[in-house]
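Here the structure is laid out as structure tokens; the discussion comes afterwards.
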Amino acid sequence: MLINTAICDDHPLVSLALRTVLRGDPEFNIVGEPASGPELIKLLREQRCDLVILDYSMPGELDGIGLIQYLSRVFPTTRLLVFSGTASAALASRCIEAGASGFMRKTQSGGPLREAVRSVAHGTIYIDPALQNDLKCAAGFEQAFLSLSPREMVVVRLLLAGQSVSEISTRLNRSIKTISTQKQTAYRKLNIQSDAELFRLAGELGVSDVPVLSDPPPP
């Protein structure tokens, strides 16, 4: 049975490269090449599509995570392989959580691309091999972050908000020694040794986007 496939990218050369790869495989039938989110949605409403190869950054009101979430909700039987020039484990993880079935870099060659397309089309979650180790590290950091006590969590979030130990001490009405101890305990659980490492790991995981509690636990 042919796999009806749409290629959605606003760069003609990228679409051409994808089309060239897929046309070498008789299993795939290219049903359209929309160049924006709205064009893709229109196509999916008019044509049964089993698989969409989707550029993460598309013209239109919806793109990225918002478009993935919309497509997953409105067209649940269509599998999404996200194709992005931005390669990060955090972005790959967010795309999968939003409903995509695969994520790969635009720098991938024909062989890995065919593997990714075939895997997603047949129901397997595909993550670019170059990002898999980073995903494992991010998952480990996330687990460690969730292991922090409520007070340690508040201290870490305030550090991520740019506050110093002294400022956190004043805000939480705790001694500098207490805040320093909670910071060091948190760093030990996270297996890091410096503020720079905290910001790097938090950025990879997206933890820095979590708002600071407005009413932290009492001292």
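Bear in mind that the values in this text are calculations on the coordinates, not laboratory data. This one's a predicted model, so the numbers in the text were calculated from it and none came from an experiment. Cβ: placed from backbone, ideal geometry, glycine included. Neighbour counts: every protein chain shown.
If r is the Cβ-Cβ distance from R45 to R19 and R0 is 22 Å, what FRET efficiency results, to the nearest 0.05?
Values: r = 22 Å, r/R0 = 1.01.
With a Förster radius of 22 Å, E is 0.50.
Could you tell me whether the range 3-129 comes out rounded, prolate or oblate from its Cα gyration tensor? Rule is a ≥ b ≥ c as square roots of the eigenvalues, rounded for a/c under 1.5, then prolate if a/b exceeds b/c, otherwise oblate. Before the final figure, lay out the partial values.
Values: a/c = 1.25, a/b = 1.04, b/c = 1.20.
The shape class here is rounded.
Can you give the FRET efficiency to the nearest 0.05 for I30 and R200, using r as the Cβ-Cβ distance and R₀ = 45 Å?
Details: r = 41 Å, r/R0 = 0.90.
The computed FRET efficiency comes out at 0.65.
Any chance you could get the radius of gyration and Dmax over the Cα atoms of the range 147-209, in Å?
Answer for the range 147-209, Rg first and Dmax second: 10.8, 31 Å.
Using DSSP to define loop residues, name the GluC sites (Glu not before Pro) in the range 40-112 whose beta-carbon has at most 16 other beta-carbon atoms within 10 Å.
Working: sites: E46, E61, E97; in loops: E61.
Sites meeting the loop and neighbour criteria: E61.
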